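Participant: Below is the structure I would like to discuss, written out as C-alpha cells.
Bear in mind these aren't lab numbers, they're just calculated from the coordinates by the rules spelled out. If you're wondering where the values come from, they're calculated on a predicted model, not measured in any experiment. Cβ placement follows ideal geometry from the backbone for every residue including glycine, while neighbour counts extend to all protein chains displayed.
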C-alpha cells in the first residue's frame, strides 16, 4: 500500500493532516482527514465564574472569538433569566455583523482566496496572501484597509477585536457614545462599498473561470446532505438569533423551531484516529461516512444557511442570493465549492445589516444591563461564520460553572468535510501523478468549508449522546459503547 | 501601529527594560545586525486558538509593508509549505520563528524542537507560549480525565481503518506547558493575543536589526495602571463585586469600585484596553517583573487595600470577610499562567478550583508568611 501524507494542511484554523491510502495500481483506497489536537476546555470550564465564560470559551478560537463570546453571553442571559435591553442587543448585533463580514472576508481573500484568485499552477511558495496581494494589488490593499475598519468596530464595541471583553449576562459592559456611533457608521458604510466591489470582482474574474465552473457544477463535486441554520421571522438567515431550520438533502423541512431544543436532535460518534467527533441527526441515525437523503449527516455554515433560507434580509444580498440559485437551477445546492459563493452572499448581508444597525436610535441608549435572576441552566445558539454554534451551561447558586455542553460549527461539518476530501481525492487520483497542484486540490475540498479545527476539537460535549467504537489491532470491532 | 516609544520605555532604569541596540553576542543565537536580504520568518501554532496568527493582521495596512520585507518560509495558517519543506531546511537558516500556543501534544514538542533547530531566534508569541495560556487551565485535570470526558470512557488512540500504527494521532502530554519549558526561548511578545502596538515594536526592532538583549519581553515593565486613564482615588476596598453585578462608573478606577482588576500586577503595553472597555484586566500580558507571582502579588495588593480602610485590631476579621467574597481564585488570578505559577499536582490544583478561598492552595490570608504549597 502506498501512502501520501499532506501535513500540515494549510490556510485554515487549527491542525490537521490528510492521509491518502493508495492500492498497488495507484487507485484510492481511502482518504482521511485526521485532527491531531485537543485542549480539553470541557474539563477546565468547570468551576470558573459564569460571567467569565464569554472570555474563556472565546479562546477556543481566535478566528471566531466573537461567535463564542456572544453564544456564551446568550447562554448566560438564559441562565440568569435576563431580558437584554435594546441598546445592549443592538451593540451585540452590530458587533456580530461586523465580525461575520470580517471573518468571511478573511477567508475569501487570505485563506481560501489563493485557491480562487491565483492560477492553479501557482507554486506552493507563492500560493498565499502575498501572492494575492501581488496579483491583485488594488483590490488586495482595499481589502486590508476595509477589513481593518471592520476590526475597528469590533475593537470599539468589544473592547478588543480579538478576544473581546464586552458581553456579560443580561447585556454589555458599557453604553456607546454618539461619537462612537459616528465612527462605526463610517466603517460600516465602507464595508458595504467593499462588499459591492467583491461581488463585481467575483462575477468578472472568478466565476467565468472554467476550473471554478467545473468545481461548482461537475457531478463529482456534489455532496447531497441535510442543512441547518438560523432564520428570522421572514425566513432570511440571521446570524445573531432566530429559529433553527433543518432541511433535507431533497429540500424537505425536517425541523423548524426553537434553536435550543434542536440540541436533542443531535447525536455524536467518535473514531480512534482523530480527536474530532462526528454529529448526525439522531432520528436518521449513523449510516457510516455516506451522504444522501437517508444518511444522518448534515452540514452547517454559509451554504447551509442559504439553503435553509427563503430570502436574504437586505437588498444587495438578495440580488446575489437570486443570482446564486439561478446559476445552479436547483435547491438545495449541494456543490461543496458553492460554500465560497454563499459566503460572499452572506458577507454582503452582514455589511448592509451593520450599516442599518449603526443608524438605530437606541444603539447609544444608556440602559445596557438587564435585571438578573437566580443563576441556573441556559442555552445560547448563534450562527458562527462557519455554522450553528450551541453553548449550554449549568451554573450553581453562586454563578460558578457546573456543567458545560458545546457543539461548534466545524464539528457539525466534520463528516461532510471528510466526505468532500475523499470525493476530491478520488477525482485527483484518476487525473494522474499526484503533484503539488493536485494535492492542493484535495486541500481545496476542506478549505471550502473554512474549517476551524481548533473549534472542532475543543468543544465541550457534556450531555450530547456519544457513541465510541473500540477496535482491536486487526481492525475488528471489539466493543461499542453508547452514552 | 502605535508608537513604539509608548510601549518601550527607553532609558527606563528598570533592569528588564530594553537596550536600544545590541551588539551581536559571540556564539549566541542573536541575529544579524541588519538583514542583507529579506529575513526568513516562520510562524507556527501548537495548542492554540489561531488568534495569534490573526493578530498580525491587526496592525492594519502596515502588515503589507512588513510582509513585503520578509520571506515567509513556513506559516501553516497563511501559507502552504509543509513539514517536509521545513525538515529540508538547513539548521539556523530561518532568521526568526514566532511560535504561539500551549505545548499540548507530542507532535507539538517535535515541531518546536524542529523549529528551534532551524531558527536563529525563537520568539514565544502570545500568552500560551509565554506562560501556558488559557488552555493550560487544563492542568487542573489529568490527561486521562480530559480524554475520557471528551471522547468517551474507553476511547483509545489508533490509526484510521487499514492504516499503519504510525498514523494514529499524537498523544497528549500529561500537562500543557509554556514554550520555555520545552525549548530555549530568545524573546517574548506577550498578550492574548499580542496588541498591535507590541507586534509593531517587535517588527521595528527585528527589521532594523536593533534587537534588545535576549530574554526581553516586548511589553512595559511597569504596571498597566500606569497607562490606564481611569482615576484612582479611594485606594480602599470595601467590597468585592463581579463584573455582571455592577455597571461601573466610566471614570473611576475599577479596583476602587470593587472589581478584581489585575492592572496593578500586570505589564502595560495594551493601553489598558479592557479597563477602557469597562471590564477588569485579567492579566494576559503577564506579571510585571516586580510582581513575580501575579496571584500572590494581587492578594497582597488586595489585602493592603482592605486594611487601608480599617484600624487596629478590627482589620483582620474585616479583611477575611472581604477576601472571602473572591471566588475561583485560580481562574481569576492565574488565568493565563497555571503551568508557570502553579506547578502543583492536578489533585492539589483541583482542590483550589471550586468554591471559595478557603480550600485553595493560594492563601486567603496573605502576608502572614504562608506561601502556596509547592509553588516555586
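Participant: Based on other C-beta atoms within 10 Å, arrange A:341, A:286, B:45 from fewest to most.
Facilitator: The most exposed by this proxy come first: A:286, A:341, B:45.
Participant: Related question: Can you sort B:175, B:239 so the residue with the fewest Cβ neighbours within 10 Å comes first? Walk me through the numbers before you get to the answer.
Facilitator: On the way: B:175 20, B:239 12.
So the ranking, lowest neighbour count to highest, is B:239, B:175.
Participant: Along its principal axes, what span do the Cα atoms of the range A:142-233 show, with the longest given first and each in whole Å?
Facilitator: Over the range A:142-233, Cα extents along the principal axes are 52, 33, 28 Å.
Participant: Quick one: which of A:202-209, A:345-352 comes out on top by average Cβ neighbours within 10 Å, and what's the full order, highest first?
Facilitator: A:345-352, A:202-209
Participant: Something else about it: Roughly how many Å is it from the Cα centre of the range B:165-232 to that of the range A:241-317, as a whole number?
Facilitator: Cα centroid of the range B:165-232 versus Cα centroid of the range A:241-317: 40 Å apart.
Participant: Still on this structure, please answer the following. Given a cut-off of under 8 Å on Cα pairs at least six residues apart, what relative contact order in percent is computed for the range A:69-134?
Facilitator: This gives 23 percent for the range A:69-134.
Participant: What whole-number distance in Å separates the alpha-carbon centres of the range A:101-150 and the range A:32-76?
Facilitator: Their Cα centres are 28 Å away from one another.
Participant: OK, next. Quick one: Cα centre-to-centre distance for the range A:370-403 and the range B:270-295, in angstrom?
Facilitator: Taking the Cα centre of each part, the range A:370-403 and the range B:270-295 sit 26 Å apart.
Participant: Find the Cα radius of gyration of chain A, compare it with 2.2 N^0.38 Å by division, and give the number to two decimals.
Facilitator: 0.94
Participant: Shifting gears a bit: Summarise the partner chain shielding of B:138-146 as one whole number: the mean count of Cβ atoms from other chains within 10 Å of each residue's Cβ. Please report the intermediate quantities before stating the final value.
Facilitator: Values: counts 8, 3, 5, 5, 1, 2, 0, 3, 7.
Going residue by residue through B:138-146 and averaging, the value is 4.
Participant: Please work out whether the range B:94-182 counts as rounded, prolate or oblate from its C-alpha gyration tensor, where a ≥ b ≥ c are the square roots of the eigenvalues and a/c under 1.5 means rounded, while otherwise a/b larger than b/c means prolate and anything else oblate?
Facilitator: Judged from the Cα gyration tensor, the range B:94-182 comes out oblate (a/c at least 1.5, b/c at or above a/b).
Participant: If you count, for every residue in B:53-60, the Cβ atoms of partner chains within 10 Å of its Cβ, what is the mean?
Facilitator: The shielding value for this peptide is 6.
Participant: Same structure, new question: For the ranges A:165-177, B:286-298, what's the packing order if you count other beta-carbon atoms within 10 Å of each residue, average per peptide, and put the highest first?
Facilitator: So the peptides A:165-177, B:286-298, ranked by packing, come out A:165-177, B:286-298.
Participant: Please average, across the residues of B:269-277, the number of beta carbons from any other chain that are within 10 Å of each residue's own beta carbon, and give a whole number. Could the numbers behind the result be given before it?
Facilitator: Details: counts 0, 1, 0, 0, 8, 8, 2, 4, 12.
Counting other chains' Cβ atoms within 10 Å and averaging over B:269-277 gives 4.
Participant: Over 12 Å apart: what share of the alpha carbon pairs of the range A:118-157 falls there, rounded to a whole percent?
Facilitator: 64
Participant: Please report, in Å, the Rg and the Dmax of the range A:403-453, where both are computed over Cα atoms only.
Facilitator: Considering the range A:403-453 through its Cα atoms, Rg and Dmax are 13.8, 51 Å.
Participant: Turning to a different aspect of this structure: Treat the range B:144-281 as a sphere of radius equal to its Kirkwood radius over Cα pairs and apply Stokes-Einstein at 4 °C in a medium of 1.567 mPa s; give the translational diffusion coefficient in µm²/s, rounded to a whole number.
Facilitator: 68
Participant: Would you calculate the volume per residue, in Å³, of the smallest convex hull containing every Cα atom of the range A:64-207? Walk me through the intermediate numbers first.
Facilitator: Numbers: hull volume 16.9 nm³, N = 144.
Spread over its residues, the Cα hull of the range A:64-207 gives 117 Å³ apiece.
Participant: Moving on. Nearest 500 deg cm²/dmol is fine: what mean residue ellipticity at 222 nm does chain A get from its DSSP H runs of n ≥ 4 alone, each adding -39,500 (n - 2.57), divided by its residue count?
Facilitator: Mean residue ellipticity, 222 nm, calculated: -12000 deg cm²/dmol.
Participant: Another question, if that's okay. Evaluate the relative contact order of chain A (contact order divided by residue number), counting alpha-carbon pairs under 8 angstrom at least 6 apart; express in whole percent.
Facilitator: This gives 25 percent for chain A.
Participant: Indicate the gyration tensor shape class of the protein assembly as shown (rounded, prolate or oblate), computed on the Cα atoms with a ≥ b ≥ c the square roots of the eigenvalues: a/c under 1.5 is rounded; otherwise a/b larger than b/c is prolate and the rest oblate.
Facilitator: Cα axes put the protein assembly as shown in the rounded bin.
Participant: At a 10 angstrom cut-off on C-beta neighbours, averaged per residue, how do the peptides A:366-373, A:54-61, B:108-115, A:41-48 rank from highest to lowest?
Facilitator: Highest-to-lowest ranking by the protection proxy: A:54-61, A:41-48, B:108-115, A:366-373.
Participant: Right, another one. Do you know the relative contact order of the range B:182-312, to the nearest whole percent, from alpha carbon pairs under 8 angstrom that are 6+ apart? If you can, show how the numbers build up before the last one.
Facilitator: Values: 200 pairs, mean separation 35.2, N = 131.
Rounded, it is 27 percent for the range B:182-312.
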